[in-house]
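Colleague: Have a look at this one.
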Amino acid sequence: TAVENLERTNSGIKIVAVDTKGKRSTIEADLALVAIGIRGNIEKLGLEKIKLATEGSFIRADRDYKTNVEGVYAVGDVIGPPLLAHVGSAEGIHAVEHMAGKNPEPINYNNIPGCTYCQPQIASVGLTEAQATEQGLEVKIGRFPFRASGKALALGDSEGFVKIIYDAKYGELLGAHILGSEATEMIAEIGIARTLETTYHEILKTVHAHPTLSEAIMEATADAYGEAIHI
């Protein structure tokens with residue numbers, strides 16, 4: 001059985017698998033291995049003594065992570081989702097820069113990579129195909145299976161694929177999903193590209209080293225625009 005498609009949903013992930021006879025099956029699963037029971041831990045901190053505003057199990061903070069109490073900032077899991085270490089780190093840097101009187105650029109929460117450290121690895125960033133369609137966007141979708149990757153075959157780990165989503169009108173890179181070996185490392189290229197407001201052209205015309213796993217991103221882009229020559 002090979003994985004043909006993967007997409008994050010509000011409750012977890014949806015996987016389309018194809019067996020050796022070409023029969024497709026859909027599997028939906030939640031990500032309970034990493035998400036169950038996660039909530040802000042703000043108990044027994046004496047927040048009520050300084051009348052710090054909270055909302056449920058989280059501390060309320062503004063876009064600069066200031067709370068309602070002058071001089072008190074809050075970042076990370078205590079202020080709510082996404083409950084990710086890299087998000088908390090970025091929020092902390094922003095908060096300290098704001099304390100120092102600077103005017104830091106707001107964090108783009110639409111470009112936060114999500115990674116699941118299972119086997120095979122799962123990583124995604126940006127919009128899903130369904131989300132883009134719901135927003136009324138016409139999209140171009142490209143896929144590249146790792147079984148067509150020389151590096152993946154050499155590593156003996158060819159399960160999975162890259163799925164990439166572009167806006168059909170302007171060619172803007174909307175999002176990507178990666179399932180497979182080192183997916184959590186590869187997703188950074190998509191994040192940087194989206195920060196730079198990259199289109200398919202820049203990805204396609206950037207020569208990727210061969211053999212590498214990362215060239216699957218270029219190959220998936222080629223597939224989206226009918227230029228694939230290796231699948």
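Colleague: Of ALA209, GLN121, ILE190, which is farthest along the charge dipole of the chain in the positive direction, counting Lys and Arg as +1 and Asp and Glu as -1 at C-beta?
Modeller: Ranked along the dipole, the leading option is GLN121.
Colleague: Sticking with this one: Sum -39500 (n - 2.57) across every DSSP H segment of at least 4 residues in the chain, then divide by the residue count to get the 222 nm mean residue ellipticity, nearest 500. Mind showing how you got there, number by number?
Modeller: Numbers: 7 runs with 60 residues, N = 231.
Estimated from H runs of four or more residues: -7000 deg cm²/dmol.
Colleague: Using label points projected 7 Å from each Cα along Cα→Cβ, tell me how many nm separate THR212 and LYS102, to one decimal.
Modeller: Placing both labels 7 Å beyond Cα along the Cβ direction yields 2.9 nm.
Colleague: Take a quick pass over the chain and tell me how many lysine pairs come in under 28 angstrom between Cα atoms, counting only ones 8 or more apart or on separate chains.
Modeller: For the chain, qualifying lysine pairs total 24.
Colleague: Which of the helices in the chain meet the span-like rule: DSSP H, Cα axial reach of 15 Å or more, Kyte-Doolittle mean at least 0.5?
Modeller: Working: long enough: 85-99 (21 Å, 0.13); 183-195 (19 Å, 0.58).
Helices meeting the criterion: 183-195.
Colleague: With a 1.4 Å probe and every protein chain kept in, tell me what percent of the accessible surface of the chain is carbon plus sulfur.
Modeller: Values: 6810 of 13200 Å².
Carbon and sulfur: 52 percent of the exposed surface of the chain.
Colleague: Which value, in Å² and to the nearest 10, is the accessible area of HIS210 when all protein chains are kept and the probe is 1.4 Å?
Modeller: Using a 1.4 Å probe on the heavy atoms, I get roughly 140 Å².
Colleague: By how many nm would the segment from ALA148 to ILE50 grow when fully extended, if each residue of separation counts as 0.36 nm and the alpha-carbon distance is taken off?
Modeller: Working: separation 98, 0.36 × 98 = 35.28 nm, distance 5.94 nm.
Contour length minus the Cα-Cα distance gives 29.3 nm.
Colleague: Return one whole number: the accessible area per residue of segment 64-149 in Å², for a 1.4 Å probe. Kindly include the intermediate steps, with their values, before the conclusion.
Modeller: Values: 4690 Å² over 86 residues.
In whole numbers, segment 64-149 has 55 Å² accessible per residue.
Colleague: Here's something else I'd like to know. Taking a ≥ b ≥ c as the square roots of the eigenvalues of the Cα gyration tensor of the chain, is the shape rounded (a/c under 1.5), prolate (a/b larger than b/c) or oblate? Let's see the in-between values first.
Modeller: On the way: a/c = 2.40, a/b = 1.81, b/c = 1.33.
Prolate, because a/c is 1.5 or more and a/b exceeds b/c.
Colleague: Then there's this: Give the residue list of GluC sites (Glu not before Pro) in segment 100-200 that are DSSP loop and have at most 16 other beta-carbon atoms within 10 angstrom.
Modeller: Numbers: sites: GLU129, GLU134, GLU138, GLU159, GLU172, GLU182, GLU185, GLU189, GLU197; in loops: GLU138, GLU159, GLU182, GLU197.
Listed in order of number, the matching sites are GLU138, GLU159, GLU197.
Colleague: For VAL16, project a label point 7 Å along Cα to C-beta. Then give me every residue of segment 164-195 with its amide nitrogen under 13 Å of that point.
Modeller: From segment 164-195, the list is 164.
Colleague: Separate question: Scan segment 140-212 for trypsin sites (Lys or Arg not before Pro) in coil per DSSP, keeping those whose Cβ has at most 14 other Cβ atoms within 10 Å, and list them by number. Could the numbers behind the result be given before it?
Modeller: Details: sites: LYS140, ARG143, ARG147, LYS151, LYS163, LYS169, ARG194, LYS205; in loops: LYS169.
Of the trypsin sites (Lys or Arg not before Pro), the ones in loops of segment 140-212 whose Cβ has at most 14 other Cβ atoms within 10 Å are LYS169.
The values are calculated or read from the model by the stated rules, or taken from the named source; none is laboratory data. All values derive from a computational prediction rather than experimental measurement. Reconstructed Cβ throughout: ideal geometry from the backbone, glycine too, with neighbour counts over all protein chains shown. When the accessible area is computed, the model is the full protein with side chains, heavy atoms only, and any ligands, DNA or RNA have been set aside. Shrake-Rupley method; radii C 1.70, N 1.55, O 1.52, S 1.80 Å.
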